1. Search the range B:296-327 for residues being within 16 Å of B:Leu276 (Cβ to Cβ) and charged (D, E, K, R), and hand back the single one that is surrounded by the most Cβ atoms within 10 Å (Cβ to Cβ).
2. Show me the helices (runs of 4 or more DSSP H) found entirely inside the range B:48-159 where at least 3 residues are farther than 30 Å from B:Ala182 by Cα.
3. Can you pull out every residue in the range A:215-247 that is open to solvent by 10 Å² or more (accessible area, probe 1.4 Å), out of contact with any strand residue (DSSP E or B) (no Cβ under 8 Å at 6 or more places or on another chain) and over 19 Å from A:Pro30 (Cα atoms)?
4. How many residues does the range B:328-366 contain that are crowded, with 22+ Cβ neighbours inside 10 Å and at the interface with chain A (Cβ under 10 Å from one of its Cβ atoms)?
5. Mind listing whichever residues of the range B:290-327 are within 22 Å of A:Leu431 (Cα to Cα), within 14 Å of chain A (Cβ to nearest Cβ) and not in a strand (DSSP E or B)?
6. Do the conditions hold for A:Asp353, that is, is it open to solvent by 10 Å² or more (accessible area, probe 1.4 Å) and under 21 Å from B:Val351 (Cβ atoms)?
7. Mind checking which residues of the range A:179-213 are within 22 Å of the chain's Cα centre (by Cα), assigned to a helix (DSSP H, G or I) and away from chain B (no Cβ under 14 Å)?
8. Would you check if there is a residue in the range A:147-160 being within 14 Å of the ligand (Cβ to nearest atom), open to solvent by less than 10 Å² (accessible area, probe 1.4 Å) and assigned to a helix (DSSP H, G or I)?
Amino acid sequence: MQTKILLDEGEMPKRWYNIQADLPTPMDPPLHPATGKPAVPDDLRHIFPMELIRQEMSTERYTDIPEEVRDILTLWRPSPLYRAKKLEAALKTPAKIYFKWEGVSPPGSHKPNTAIPQAYYNREEGIERLATETGAGQWGSSLAFATGLFDMECTVYMVRSSYDQKPYRKSMMQVYGAECIPSPSEKTRSGQAILDRDPDTPGSLGIAISEAVEDAAAHENTNYALGSVLNHVCLHQTIIGQEAQQQLATVDTYPDVVIGCVGGGTNFAGLSFPFAGAKMTGKHPETDIVAVEPAACPTLTKGLYAYDFGDVAGLTPLMRMFTLGHDFVPPAIHAGGLRYHGASPLVSRLVQDGVVRPVAYRQNEVFEAAVLFARTEGIVVAPEAAHAVKAAVDEAIKCRETGEEKTILFNNSGHGNFDFSSYEAYFAGMLVDYEYPAELIKESLSRLPVTG
Amino acid sequence: MTTVGFLVNPIAGMGGAVALAGTDGQSAEALRRGAVPRAADRAVQALSALPGQDVEWCTCAAPMGEDVLAAAGIDHYTVLYRPAVPTGAADTKAACRAFLAAGVDLVVFCGGDRTARDVFDAVGREVPILGIPAGVKMYSAVFAVNPAAAADLIHRAGEVPCRDSEVMDVDEEAYRSGRLTARLYGYACVPYIAERTQGGKQVFEQQDEERAKNDIAAFIAEIMIPDALYIIGAGSTTARIMERLGLLPTLLGVDAVRNGEVVARNADERTLLTLLDEHPRAKIVVSPIGAQGFVLGRGNQQISPAVIRKAGLQNLIVVATPGKLAATPLLYVDSGDVALDREVGDSLQVVSGYRIAQRKRIVHPE
Ligand SMILES: Cc1ncc(COP(=O)(O)O)c(C=O)c1O
């Protein structure tokens, strides 16, 4: 039995898969924040390059991956697919557990899968600098890495609680040549406004996005880059799931359960969309596709499916998605990359349509699973990825109880080598089991999350 | 340089070893049963652990302080009060008044709940107080967790923030006959150090108790439903909800609110039951009370099992600041109605911020 299934560089997928082509009805369009009318490509031109806007709105099934991008992706792709035999043995489960290991990328997660093409398209259109936000620091490191390769400048607004928790992420961005600023900052009007109200705020992804968008809009040579949520980001990540399909095919396997953690939803989309497409088009209608989120920020399980802003200040277009309200500042859980009030509109749509099943877990049980994973498979995963590990472990335990020999596939989206303070807090018994008081909020109907 | 007023209740803590619950009015009996004064040992432990000598000490003569300072190797101090022997509550209060007159920055005492109450009676919120735990049982939240923690807090008294901490009134007579009644007596200012982990997360969230109370109050005010009755329990966290609504809270008692107006102030159980007859749609908002974190059964006795059953257990909303929750890893439920306690289950959701809650484990004593 093989432990890891590898593909040759030549076998790396040559195009990205767009799930919009396989949706039964079109997506609801994003709306212009000021007019409330459907946004048109021109509305986004001041922050995004045309090709990314095209990809954002495209319904074509495939987009070719440019040669120059493919070339860079081979620095770590195709990524290995592992069979977690030692974890299976520890769980005494008849289930087969596979995971796609995205922590092999230089910055340590799936994020460069989209950072590289985003930097590439921006450079192609003459942009010299990118502004972005980062939660866990994985995205900031990835865009810093990518812009460096294309000789561009990069400014990263890093959510302050993460900035304080993980000083080495900032150092990594510096090594790659980017500037990293704790958010909220005094550099932008939106950051200043938050600081005026609340100088001690831990910050949030929603706030950091406002700052980066404002920075990009204010500078002619600068565009904005988003590491999650948007359709084109999901698109770039589908290389993960396509590889996984090829890898599983070499051992004549198709998964019964496909699992990923959801912050904005893109690593989940990346692994699961090729499988979700096959599910919707009837090729594999039975696949159980599971999106895992933190109980502290349970967008998909407890949120409202509605139009809302992508950021706190209300600068982005309104998107129809599951949301806890754009003004919600999630508690400072250690999975910083999952602290987002909304979720990818595509992932939201699949949840709404019943194609994807969302689940939520609390911090301590997530870290418990991560520690078990480290002690069996050796990899110390990022707190975000640990959510997927936890769901996979639970599915495998269910199989032990029912005797089913299911094949479980999860996305291991990144390593936790900068997250040891979180593990330390777990071992010290200091992790708080936050949860979102959804029942209390729901009861007061007039106070549903503020949406556009 | 901080000036600290230091006193020991020499008879505190004697009862436990000889199976008396508390030593109020019982010291002779405790001594007869062979108890040895324990408070002094605990206090010596704490003060010996003090790293430097940058504290100016004011104290009381002989067993009420001086002996302990000397045993801990502290030789510079001023004796401000000389008690009669045997010492009593009046001496504790008189000593505190002497400390205040001398302008101390902090009053440190070694004793139990009763001593805490006496110190609080005299000092109020004028200066911070801190207990070195030595009593038989401590329900008040004014004590450091152990002598070493007390030493750390005394050493850093000038730099660390203070927070509101419950002083409990424990009826020792009743306790000795097997009943525990612990009422919320007041809120003292107590220095504290937020738990620090490398993650920095806890620091963020515990830093500011006031901010947390405001966030909780904002959230509860936001989710209030028109026409429903809100029974607001005792304590400084729930009081903030009242203030948020522009209402005057009863810090140590229970208020009832409906449509933004007070319908009963400092209500007793009967009043609450009558109100629930009129307004069956109701929510009860309580905060864990005391050092142990009692959600039910201590400090909120007016919110009796009958009141809770009438409103419905599912309508109980528990609120507490992250700092309080960090200090009480487990919460307790002891309503006096075992079946009701059991219905609460093994865990409860506790609102700890604006649209933020924590899941906390519940313990049923005994
Ligand atoms: C390792 C890792 N996994 C997952 C995520 C969540 O993002 P997304 O849901 O877009 O994959 C992040 C975000 O920072 C991350 O760093």
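1. B:Lys310
2. Values: elements: B:66-71, B:89-101, B:113-123, B:147-155.
Passing ranges, in order: B:66-71.
3. A:Ala218, A:Glu220, A:Gln245, A:Gln246
4. So the count comes out to 9.
5. Within the range B:290-327, the subset within 22 Å of A:Leu431 (Cα to Cα) is B:291-295, B:318-327.
Pick out the ones that are also within 14 Å of chain A (Cβ to nearest Cβ) and you get B:318-327.
Across the range B:290-327, the qualifying residues are B:Ala320, B:Thr321, B:Pro322, B:Gly323, B:Lys324, B:Leu325, B:Ala326, B:Ala327.
6. Details: open to solvent by 10 Å² or more (accessible area, probe 1.4 Å): yes; under 21 Å from B:Val351 (Cβ atoms): no.
Here the answer is no, as A:Asp353 does not meet what is asked.
7. Once the filter is applied, which keeps residues that are within 22 Å of the chain's Cα centre (by Cα), assigned to a helix (DSSP H, G or I) and away from chain B (no Cβ under 14 Å), the range A:179-213 yields A:Leu205, A:Ile207, A:Ala208, A:Ile209, A:Ser210, A:Glu211, A:Ala212, A:Val213.
8. The first filter runs over the range A:147-160 and keeps only residues within 14 Å of the ligand (Cβ to nearest atom), leaving A:156-159.
Okay, now just the ones that are also open to solvent by less than 10 Å² (accessible area, probe 1.4 Å), so A:156-159.
Among the residues that remain, those that are also assigned to a helix (DSSP H, G or I) are: none.
Checked the range A:147-160: no residue is within 14 Å of the ligand (Cβ to nearest atom), open to solvent by less than 10 Å² (accessible area, probe 1.4 Å) and assigned to a helix (DSSP H, G or I).
The values are calculated or read from the model by the stated rules, or taken from the named source; none is laboratory data. What you see is a predicted model, and the numbers here were worked out from it, not measured in a lab. Positions of Cβ are generated from backbone atoms using ideal geometry, with glycine treated the same way; all protein chains shown enter the neighbour counts. These accessible areas exclude ligands, DNA and RNA; they are computed on the full protein's heavy atoms, side chains included. Shrake-Rupley method; radii C 1.70, N 1.55, O 1.52, S 1.80 Å.
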